[in-house]
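Report on the following structure.
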Amino acid sequence: MEEYLNTRGRIFDIQRYSVHDGKGIRTIVFLKGCVLRCKWCCNPESQEYAIQQMVQNGKTKTVGEDITVQDALDILEKDRRYFYRSGGGLTLSGGESLVQYEFARDLLHGAKASGFSTALESMACAEYCKIEAVLPYLDQYLMDIKHTNPQKHKEFTGKENSLMLENARKVAESGQTELIIRTPVIPTFNDTDEEIRSIAEFTASLPGVTEIHLLPYHRLGYDKYVGLGRPYPMGDLEPPAKEKMLRFKAIVESTGLNCVIGG
Ligand code: SF4
C-alpha cells in the first residue's frame with residue numbers, strides 16, 4: 001500500500017451526489033479548520049479544527065472525525081459509475097482545506113490515481129508552497145475572492161486579503177489548473193456595484209481566468225450557530241434580491257467574463 005494512503009485528516013462531513021462545486025456529480029469532503037472567521041459563514045462548525053459538539057434537531061452530535069485517505073477513497077469508489085458518466089469526482093471543501101494541506105494533497109493524489117476528477121474550494125489563505133503541493137493533482141480550483149479592499153476584508157473575515165490576491169495571481173500564472181473565482185455576495189460587505197466591479201476587474205486581469213460565480217448570501221447556517229451556542233453575526237440581514245444579483249451579473253459580464261449566479 002502506498003504510504004500516502006495512510007495520511008490522516010479531520011473532516012466534518014461528506015456529501016455525495018452534489019451537482020454543485022465542480023463538474024458533474026461530486027462527492028464533497030468537508031475538512032475541518034479555517035483561518036478566517038467570515039461573519040456570514042454558513043458552516044460555523046468548520047471553523048475550529050477541534051472536534052466539537054453541536055445541537056441539531058434537538059440532538060447533540062459530534063462534529064469532526066479523523067479518517068485516512070484510503071477511508072475517503074473507499075467512499076468515493078461507491079460513486080465511480082456516476083463520476084464516469086457525468087465527468088464528476090471529488091471536491092474538497094471546508095473550512096479551508098489548505099489548513100490540512102498534506103491530507104488535501106494526498107487525498108487529491110489518491111483521487112487522481114483512481115481516475116476521478118478533482119476540485120478544491122478554497123480561499124487560498126496559505127503559504128504558496130502549500131498550494132503548489134496540491135496543484136499537480138488538481139483539475140479545478142474554485143477560489144473565493146470576497147473583496148479587493150484589505151481593510152473591509154479584515155473587518156468582515158478577520159484577515160486582510162493581500163496573500164489571497166497574490167496567490168490567485170500565482171495560481172493563474174502557473175496554468176496548472178482551471179481557476180474559477182467565486183464571490184459570496186454579502187449585504188453590507190460587498191453588495192455595491194463598485195465592489196462587484198472591482199472584484200470582476202481583478203479577476204479579468206488574471207491570465208486564463210474566464211468565469212466568476214456569484215453566490216448570494218443565505219441564512220441556512222443560522223440554526224448551526226444556535227446549535228453551537230453562538231450568536232448569529234449577520235443579525236436580521238436578508239439575502240440580496242434577484243434583480244440586484246442580475247445587475248451584478250451584468251457588471252461582471254461587462255468586463256468580458258462569464259458569470260454564473262450560484263454554482
Ligand atoms: S472562509 Fe469559508 S469556511 Fe472559513 S469562515 Fe469564511 S465562509 Fe466559513
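The values are calculated or read from the model by the stated rules, or taken from the named source; none is laboratory data. In this text the structure is predicted, and so the values were computed from the model without any measurement. In this analysis, Cβ positions are derived from the backbone assuming ideal geometry, glycine residues included, and neighbour counts consider all displayed protein chains.
When both residues are 6+ apart or on different chains and their Cβ atoms are under 6 Å apart, which pairs have a first residue that lies in the stretch 219-233 and is farther than 12 Å from Lys39 by Cα, and a second that is in a loop (DSSP other than H, G, I, E, B)?
Going by the 6 Å Cβ cut-off, the qualifying pairs are Leu220/Cys42.
Kindly indicate the residue of the stretch 111-122 that is crowded, with 18+ Cβ neighbours inside 10 Å and outside any strand (DSSP E or B) and also farthest from the ligand (Cβ to nearest atom) among those meeting that condition. Give the derivation first.
Keep residues of the stretch 111-122 that are crowded, with 18+ Cβ neighbours inside 10 Å, which gives 111, 116-122.
From the residues that got through so far, the ones that are outside any strand (DSSP E or B) too are 111, 116.
On the way: Ala111: 21, Phe116: 24 Å.
By that ranking, first place goes to Phe116.
Scan the stretch 10-20 and tell me whether some residue there is more than 16 Å from the ligand (Cβ to nearest atom), modelled with pLDDT under 95 and assigned to a loop (DSSP other than H, G, I, E, B).
Yes, the stretch 10-20 contains at least one residue that is more than 16 Å from the ligand (Cβ to nearest atom), modelled with pLDDT under 95 and assigned to a loop (DSSP other than H, G, I, E, B).
What number of residues within the stretch 153-187 are of a type outside the set (S, T, N, Q) and not in a helix (DSSP H, G or I)? Lay out the reasoning, then the answer.
Taking the stretch 153-187 first, the residues of a type outside the set (S, T, N, Q) are 153-156, 158-160, 163-166, 168-173, 175, 178-182, 184-187.
Filter once more, keeping what is not in a helix (DSSP H, G or I): 158-160, 175, 178-182, 184-187.
Going through the stretch 153-187 one residue at a time, the tally reaches 13.
Cβ-Cβ distance below 8 Å, separation of 6 or more or different chains: which pairs start in the stretch 123-144 with a residue that is free of Cβ contacts under 8 Å to residues at least 60 places away in the same chain and within 16 Å of the ligand (Cβ to nearest atom) and end on one that is among the basic types (Lys, Arg) and not in a loop (DSSP other than H, G, I, E, B)?
Between residues of the stretch 123-144 that are free of Cβ contacts under 8 Å to residues at least 60 places away in the same chain and within 16 Å of the ligand (Cβ to nearest atom) and residues that are among the basic types (Lys, Arg) and not in a loop (DSSP other than H, G, I, E, B), the close pairs are Ile131/Lys170; Met143/Arg182; Asp144/Arg182.
Going by the structure shown, is Thr62 among the β-branched types (Val, Ile, Thr), more than 16 Å from the ligand (Cβ to nearest atom), over 23 Å from His20 (Cα atoms) and surrounded by 18 or more Cβ atoms within 10 Å (Cβ to Cβ)?
Numbers: among the β-branched types (Val, Ile, Thr): yes; more than 16 Å from the ligand (Cβ to nearest atom): yes; over 23 Å from His20 (Cα atoms): yes; surrounded by 18 or more Cβ atoms within 10 Å (Cβ to Cβ): no.
No.
Of Gly9, Gly64, Gly33, which residue is touching a residue at least 40 places away in the same chain (Cβ under 8 Å), touching a Phe, Trp or Tyr at 6+ places or on another chain (Cβ under 7 Å) and on the phi < 0 side of the Ramachandran plot? Show your work before the answer.
Numbers: Gly64 fails: on the phi < 0 side of the Ramachandran plot; Gly33 fails: on the phi < 0 side of the Ramachandran plot.
Step by step, each of Gly9, Gly64, Gly33 is checked, and only Gly9 is touching a residue at least 40 places away in the same chain (Cβ under 8 Å), touching a Phe, Trp or Tyr at 6+ places or on another chain (Cβ under 7 Å) and on the phi < 0 side of the Ramachandran plot.
Restricting to the stretch 12-29, name every residue that is in contact with a helix residue (DSSP H, G or I) (Cβ under 7 Å, 6 or more places away or on another chain) and crowded, with 21+ Cβ neighbours inside 10 Å.
Phe12, Thr27, Val29 - these are the residues of the stretch 12-29 that are in contact with a helix residue (DSSP H, G or I) (Cβ under 7 Å, 6 or more places away or on another chain) and crowded, with 21+ Cβ neighbours inside 10 Å.
Do we have any residue at all in the stretch 79-97 that's in contact with a Leu (Cβ under 6 Å, 6 or more places away or on another chain), within 14 Å of the ligand (Cβ to nearest atom) and assigned to a helix (DSSP H, G or I)?
Checked against the condition, which is being in contact with a Leu (Cβ under 6 Å, 6 or more places away or on another chain), within 14 Å of the ligand (Cβ to nearest atom) and assigned to a helix (DSSP H, G or I), the stretch 79-97 yields at least one hit.
Return the residues of the stretch 159-172 that are closer than 17 Å to Glu211 by Cβ and either acidic (Asp, Glu) or free of Cβ contacts under 8 Å to residues at least 40 places away in the same chain (or both); say none if nothing qualifies. Lay out the reasoning, then the answer.
Let us first name the residues in the stretch 159-172 that are closer than 17 Å to Glu211 by Cβ, namely 168-169, 171-172.
Result: Arg169, Ala172.
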